[in-house]
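Participant: Here it is: the structure, laid out below.
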Amino acid sequence: MEYWFSEQTARLRSLPETKRYLYHNIDWSGRCVGLLGARGTGKTTLMLQYLFESFPGSDKALYVSVDHPRFQVLSLYEFGREFSQYGGEILFLDEVHKYDRWASHIKTLYDSCPDLRIIFSGSSLLQLQIQDTDLSRRTVFYHLHGLSLREFLFFRQKTHFPAIDFNDLVENHISYSQQICREIKPLEHFRNYLRYGYYPYFTEGIDVYSMKLNEVVQQVLETDLPFVGHVDIRQISKLKKLIYLLAINVPSQVNIQKLSASTEISRPKVYEYLEYLKKARLLHLIRGGETGYKILSKPDKIFLENPNLAYALADTVNIGTIRETFFVSQVANAFNRYPSLAKSSITTAKRGDFKVLDRFSFEIGGRTKGASQIRGIDRAFIASDDLETGFTHKIPLWLFGFLY
């Protein structure tokens, strides 16, 4: 155990003070807590911050990353059981998706060591495995998304604004935008956010941000998908091509047949891999609300998970696609905290670009975007770029970055 405590001490020396939005929403007192999310969103930091604040200098709490080379020859269950026998009270397990049969080990540890609390983190792809075990009955899961525009401002400038409820934003967008504009110039920060504001490691240097983001994508494709999703390693080069083609395509022009032909992936496998990439938080798949949700059905629109990915993966970007990607990312992330709303929160629409909660219609565009596509529709709005303050049915696009 001495080795692992020394490793923990080294990690605790350089913790940032700023905390992600999810930190204060987690019930850390639970016996088993799971933190899921995309690579690079700050799950490790979240756990270490709680450990540092709640167990300073204590030997009752221990953090280990189970993808550590030393851990490959250890039994996760036996390790946790020994820690508990020597008085350990809370065990933090990072990167559990790198450990074979991780769910079985945690379940057995939970059942045999009732005095031990377990907090673990892993790829959002773990949803593929959780459904095949009964660990879900023992664990409370939390999903960590990338930074919202609101959080980006807090990380970069220590400017704190409270999150805005979606319905409240739609109803009172003029008041909210005016309040925020008194303190900052939102359009300036919005432009920066679109390029490098979604992942917390922008604080380590903007010049290397795109390089690090590309490394994250590589790790998801080359490590997480084969290990967690059991994707054949021989398919990875085809998946890389698939991601690139999606990055350069306009969402409404995506053609599954062409994607299949261009990547040499069968159509059924294209649908399957799109779902995997969605669970890995690399894509958003948007369908029409009236068609329901079926895994092997064609999405009406396919977006990269956030605008930063587009700037990192493509040489040139379509500004219209970037605007829609931002809107989808912020709205979907805001509602993904509520499982009952997650699948139906945002859909395509027969008129306009999107429907939200099956009640609000939105057209996304620039400052001069007209209302012809949504004219005559009840509760219809334009989310306008290059606009500081909205009026009536026009809402500044950047304001949707304050939903969570």
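Participant: Hey, got a sec? Which GluC sites (Glu not before Pro) in the stretch 239-284 land in a DSSP loop and have at most 12 other Cβ atoms within 10 Å? Mind showing how you got there, number by number?
Facilitator: Numbers: sites: Glu264, Glu272, Glu275; in loops: Glu264.
Loop-located and lightly packed - Glu264.
Participant: Return the calculated 222 nm mean residue ellipticity for the chain, to the nearest 500 deg cm²/dmol, obtained by summing -39500 (n - 2.57) across DSSP H runs with n ≥ 4 and dividing by the residue count.
Facilitator: Helices in the chain give a 222 nm mean residue ellipticity of -11500 deg cm²/dmol.
Participant: Which aspartates and glutamates have a Cα lying under 13 Å from the Cα of Lys212, excluding residues fewer than 8 positions away in the same chain?
Facilitator: Glu204
Participant: Do any trypsin sites (Lys or Arg not before Pro) in the stretch 147-228 lie in a DSSP loop with no more than 14 other beta carbon atoms within 10 Å, and if so, which?
Facilitator: Working: sites: Arg150, Arg156, Lys158, Arg182, Arg191, Arg195, Lys212; in loops: Lys158, Arg182.
Sparse-neighbourhood loop trypsin sites (Lys or Arg not before Pro): Lys158, Arg182.
Participant: Could you give me D for the stretch 151-279, from Stokes-Einstein at 37 °C and 0.692 mPa s, where the hydrodynamic radius is the Kirkwood radius over C-alpha pairs? Units µm² s⁻¹, please.
Facilitator: Values: Rh = 17.9 Å.
D = 184 µm²/s.
Participant: Please list, in chain and number order, the residues 5+ apart from Phe141 or on another chain whose amide H is under 5 Å from its amide H, with Hs placed from the backbone.
Facilitator: Under 5 Å from the amide H of Phe141: Gly34.
Participant: I've got another one for you. Of Tyr86, Leu51, Asn167, which is farthest towards the positive pole of the chain's charge dipole, taken about the Cα centre with +1 and -1 on the beta-carbons of Lys, Arg and Asp, Glu respectively?
Facilitator: Going by the Cα projections, it comes out as Asn167.
Participant: Can you tell which of Arg81, Arg323, Arg20 shows the greatest fluctuation in a Gaussian network model of the chain with Cα springs below 10 Å?
Facilitator: Its mean-square fluctuation being the largest, the pick is Arg81.
Participant: Also, I was wondering about something else. What is the spin-label model distance, in nm, from Asn336 to Arg379 if the labels are put 7 Å beyond Cα along the C-beta direction?
Facilitator: Between Asn336 and Arg379, the label points sit 2.4 nm apart.
Participant: Let me check I have the definition right: for the stretch 2-144, take the eigenvalues of the Cα gyration tensor, multiply each by 5, take square roots. What are those semi-axes in whole Å, largest first? Write out the running numbers ahead of the final one.
Facilitator: Working: eigenvalues 81, 71, 43 Å².
Those come to 20, 19, 15 Å.
Participant: Taking 7 Å along the Cα-to-C-beta vector as the label spot, tell me the Asn214-Ser136 distance in nanometres, rounded to one decimal.
Facilitator: Simple spin-label model gives 3.8 nm for this pair.
Participant: Related question: Suppose each label sits 7 Å from its Cα in the direction of the beta carbon; what would the Glu2-Cys181 distance come out to in nanometres?
Facilitator: 6.4 nm
Participant: Taking the chain as the reference, fit the longest principal axis to its C-alpha atoms, fit the long axis of helix 2-12 to the helix C-alpha atoms, and give the angle between the two in degrees, 0 to 90, nearest 10.
Facilitator: Taking the Cα atoms of the chain, the angle to 2-12 is about 30 degrees.
Participant: Under 22 Å Cα-Cα from Lys350, which lysines qualify once same-chain neighbours fewer than 8 residues away are excluded?
Facilitator: The reachable lysines, counting only those whose Cα sits under 22 Å from Lys350, are Lys294, Lys298, Lys301, Lys369, Lys394.
Participant: Further question: Per 0.36 nm of contour for each residue apart, how much would the distance between Phe55 and Asp386 grow if the chain were fully extended, relative to their Cα-Cα spacing? List each step's numbers first, then the result.
Facilitator: On the way: separation 331, 0.36 × 331 = 119.16 nm, distance 4.68 nm.
Using 0.36 nm per residue and subtracting the Cα-Cα distance, I get 114.5 nm.
Participant: Got a sec? Charge dipole of the stretch 149-402, +1 on Cβ for Lys and Arg, -1 for Asp and Glu; which of Val328, Tyr271, Ile302 is way out at the positive end?
Facilitator: Tyr271
Participant: Further question on the same structure: Under 5 Å between amide H atoms, partner at least 5 residues away or on a different chain: which partners does Ile346 have, H built in plane at 1.01 Å?
Facilitator: Leu357
Participant: If I fit a long axis through the Cα atoms of helix 43-54 and take the longest principal axis of the Cα atoms of the chain, what angle between them do I get, 0 to 90°, rounded to 10?
Facilitator: Approximately 60 degrees, to the nearest ten.
Participant: Taking the Cα centre of the chain as the origin, how large is its charge dipole in debye, to the nearest 20, when only Lys and Arg (+1) and Asp and Glu (-1) carry charge on their Cβ atoms? All intermediate terms of the calculation are to be shown ahead of the outcome.
Facilitator: Details: 50 positive and 44 negative charges, 235 e Å.
Computed charge dipole of the chain: roughly 1120 debye.
Participant: Let me ask something else. Identify all lysines with a Cα-Cα distance to Lys158 below 19 Å; exclude those on the same chain that are fewer than 8 residues away in sequence.
Facilitator: Lys19, Lys185
Participant: To continue, here is another question. For the chain, would you read off the P(r) tail past 27 Å as a percentage of all alpha carbon pairs? It would help to have the intermediate numbers written out before the result.
Facilitator: Values: 42843 of 81406 pairs.
Beyond 27 Å sits 53 percent of the P(r) for the chain.
Computed from the coordinates by the stated procedures, all read-outs in this text should not be read as laboratory data. What you see is a predicted model; the values in this text were computed from it and never measured. All Cβ positions, glycine included, derive from the backbone under ideal geometry; neighbour counts span all protein chains shown.
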